[in-house]
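A.B. asks: Following this message is one structure expressed as structure tokens.
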Amino acid sequence: MKPYTLLCEDSKMENPRSLYGCFSLGPLSAGQSLTIGNALRRTLLAELPGFAISAVEIDGVAHEYSTLQGVRDSILDILLNFKEVVLTSPDFYMAYQPDSQLLLTTAEAKGSERGPWQTPLIGYLQARGPGVVRAADLKLPVGIQCVDPEQYITTLSEDGLLNMKFQVELGKGYRYASSNLKDWSGAETSSLSRISNERSCLLLDTVFMPVLKVNFTIEQVSSKTLRQSTEMLKMEVWTNGSVHPRQAFYQGLNHLAYLFQDLQKLKMLTNPLI
């Protein structure tokens, strides 16, 4: 079998929150494309880390059904807009830049997760009307950036005032609001009242997944030099803009490589009764 080759066939930005990439991997033996494609697709959708806003505190707001004078949108709509804000960190993803071998060492991979992201980070928003509040108005923690600064948050009239604090976390997959019971220092809490004594904390269902969609197809390749049939695996990856599809593809390959490296080190335990 010839050495594997990885080719980026297409890459484009559909909009600031949708990046597309198409990749071709091969040549693979018959059946291997389906195995690799399924494993890589599930890894890209569920195992890659991402940043998201998990909790919000708003001055003068006790619950999501409250209203604020001078604010056009309801508190529930504002929370939904915050849930859609896409965040990224160039410093974090810089550790995953591919090298010539497409794989980092185990020590480098573990060290890439060290940093201020281990605990929740705090951001602020202070806006006074009249005007439209967008993601560009958010005062984000150091090292965190907004993918789409033009993303809509709310609209304020002349007497409108919005003063709030929000929590940014690094995580994987999808997490329900009931699981976001952490205070502003990152400590676990058992009740909402412990998050803040004077204000009410509004928890969000958090979407950390940077990959929106993955599709793969298998193409048969005819070869005069090889007797057995070979295949090419083509994968299409859409991300939310926080990470380039090529970078996400690379992270997925790394994750699978480390997973099977650890499994290879396992020792078989025998039952003394057998």
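The values are calculated or read from the model by the stated rules, or taken from the named source; none is laboratory data. Source: prediction; values computed, not measured. Don't worry about glycine lacking a Cβ; one is built from the backbone with ideal geometry, like all the others, and counts go over all protein chains shown. Remember, those area values only see protein heavy atoms, side chains included, never the ligands or the DNA or RNA. Shrake-Rupley method; radii C 1.70, N 1.55, O 1.52, S 1.80 Å.
A.B. asks: Between their Cα atoms, which of Lys139/Lys172; Lys12/Lys165; Lys139/Lys213 are more than 32 Å away from each other?
C.D. replies: Table pairs above 32 Å Cα-Cα are Lys12/Lys165.
A.B. asks: Describe numerically, in nm with one decimal, the distance between label points set 7 Å from Cα along Cα→Cβ at Ala136 and at Leu161.
C.D. replies: 2.6 nm
A.B. asks: Hey, another quick one. Leaving ligands, DNA and RNA out of it, rank Thr217, Thr155, Thr67 by accessible area with a 1.4 Å probe, largest first.
C.D. replies: Most to least solvent-accessible, the answer reads Thr67, Thr217, Thr155.
A.B. asks: Can you compute the FRET efficiency between Ala62 and Lys172 using 1/(1 + (r/R0)^6), with r the Cβ-Cβ distance and R0 = 25 Å? Round to the nearest 0.05.
C.D. replies: The formula returns an efficiency of 0.20 here.
A.B. asks: Rounded to whole Hz and in sequence order, give me ³J(HN,Hα) for the range 138-152 from the Karplus expression 6.51 cos²θ - 1.76 cosθ + 1.60, θ = phi - 60°, writing x for Gly and Pro.
C.D. replies: 6, 8, 7, x, 4, x, 9, 10, 9, 5, 10, x, 8, 5, 6
A.B. asks: Moving on. So, taking all protein chains as they sit and a 1.4 Å probe, how much accessible area belongs to Arg246, in Å² rounded to tens?
C.D. replies: Accessible area of Arg246: about 120 Å².
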